[in-house]
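Accompanying notes for the structure given below.
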Amino acid sequence: MAVAEMTQTTQYLTFKLGEELFALDIAKVREVLDFTTVTSVPRMPDFMRGVINLRGSVVPVVDLRRKFNMAPSENTVNTCIIISEVTVDGDTTILGALADSVQEVIDLGPENIAPVPRIGTKLRTEFIKGMGKQQDRFVMILDIDRIFSADDLAFVQTVQAEPAGAAAS
């Protein structure tokens, strides 16, 4: 959904990656978990940290810092996993996204959301819905459905199809 298509106030969950503030539409967020042990799976793409067992289901965990080519960080007491629904090509997948910390839920109306600035032709920004303005700061509103490609999610769905014990061993 482009900024021009946003016509009503929407709630967003804000979180930090480094010093940058990001937001996800709260409708795409299922829950926020404290960081837990993530089981590595061989031959995963670099941005895939592994899987967790969420009430008997295998849930892949992605590192948004790696996906966005940001410097890696150490896990802290504030590190958390945002469990969200991602839809690509009509397929919905549950996955966890690592965040340095979750901040708050905010309301942003269309008057507080600016289009993403065009910065040359090589910078990919299709996964950013807009730039939210809250007080004296900007919040990058992510389109979680556009961060990952169909190939990325095909890999995730392969991992989820494995029995919980097989992925965790």
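Just so it is clear, none of the values below were taken in a lab; they were calculated from the coordinates. Small disclaimer: the values here were computed from a predicted structure and weren't measured. Here Cβ is always computed from backbone atoms with ideal geometry, including for glycine, and neighbour counts include all displayed protein chains.
Here are a few things to note about the model shown:
- GluC sites (Glu not before Pro) within region 31-99: DSSP coil, no more than 14 neighbouring Cβ in 10 Å: GLU74
- Chain lengthening between ALA114 and ILE26 when straightened (0.36 nm per residue, less Cα-Cα): 29.8 nm
- For ILE26, neighbours were defined as the other residues whose beta-carbon sits under 13 Å from its Cβ, and their charges (Lys and Arg +1, Asp and Glu -1) total -3.
- Once both labels are positioned 7 Å from their Cα atoms along Cα-to-Cβ, the gap between ARG55 and GLN8 label points is 2.7 nm.
- Cα principal axis extents for region 1-123, largest first, Å: 43, 34, 33
- The label point for LYS133 and the one for ARG43, both projected 7 Å from the Cα toward the Cβ, are 5.0 nm apart.
- Radius of gyration, Dmax [region 64-113; alpha carbons; angstrom]: 14.0, 36
- Rounded if a/c under 1.5, otherwise prolate or oblate - region 84-148, Cα gyration tensor axes: oblate
- Shape class of region 18-57 from the Cα gyration tensor (axes a ≥ b ≥ c, square roots of the eigenvalues): oblate, since a/c reaches 1.5 or more and a/b does not exceed b/c.
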